[in-house]
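Accompanying notes for the structure given below.
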Amino acid sequence: MACSLPQLAHAHGLNLSLSDGSEAITGDVTYADGAPLSGASVSLQPAATRNEADERVVTRTNAEGRYAFPAPRHTGEYRVIAEDDMGHRAEIVFAVRGDHRKLDTQHAQPAWSRWLSGLGYLAGLFGVTAWWLSRRNRTRIETS
């Protein structure tokens, strides 16, 4: 299969792209400003695997931030994970079905991250509402 289906994952300060070809999984790792990330650790592993090093294939990005892995030959879900030395991380999950690969647009996000994002959103709404109400009350007092 010689099609290319690019996908992009965004993390805090780190972008990971993934293109699927017939013989290789390739992509780029860049910072948020588009600068290539040289020497980043990129791993390919079955999606169900979290810490088993024997099922993980690891490589490093070149000077242009590019990486490549041989295409997986077995059916299943896989994840590509990019990490830099400062703790930034991005990952993409894709599935291999029969003779073709399907890139999954749902990027893995830890549950704590979703909770923290939700709490931040609610705190922001509360702050804006409190500010608006205080201005509204102040205007009433000043006009009285």
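Available extension along the chain between Ala123 and Arg97 is 5.1 nm, counting 0.36 nm per residue and deducting the alpha carbon span.
Given a Förster radius of 22 Å and the C-beta distance between Ala35 and Arg60 as r, what FRET efficiency does 1/(1 + (r/R0)^6) yield to the nearest 0.05? Intermediate results must be reported in sequence, preceding the final value.
Working: r = 17 Å, r/R0 = 0.75.
Computed FRET efficiency for Ala35 and Arg60: 0.85.
As a proxy for reagent exposure, Phe69, Phe94 were ordered by neighbouring Cβ count within 10 angstrom, fewest first; the result is Phe69, Phe94. Approximating the spin labels as points 7 Å out from Cα along Cα→Cβ, the Trp115-to-Asp85 distance works out to 3.3 nm.
For Ala47 and Trp132, what is the calculated FRET efficiency with R₀ set at 35 Å and r taken between the beta-carbons, to the nearest 0.05?
0.20
Values in this text are rule-based calculations from the coordinates and carry no lab data. Just so it is clear, the model here is predicted, and its values are computed rather than measured. All Cβ positions, even for glycine, are placed from backbone atoms using ideal geometry, and neighbour counts span all protein chains on display.
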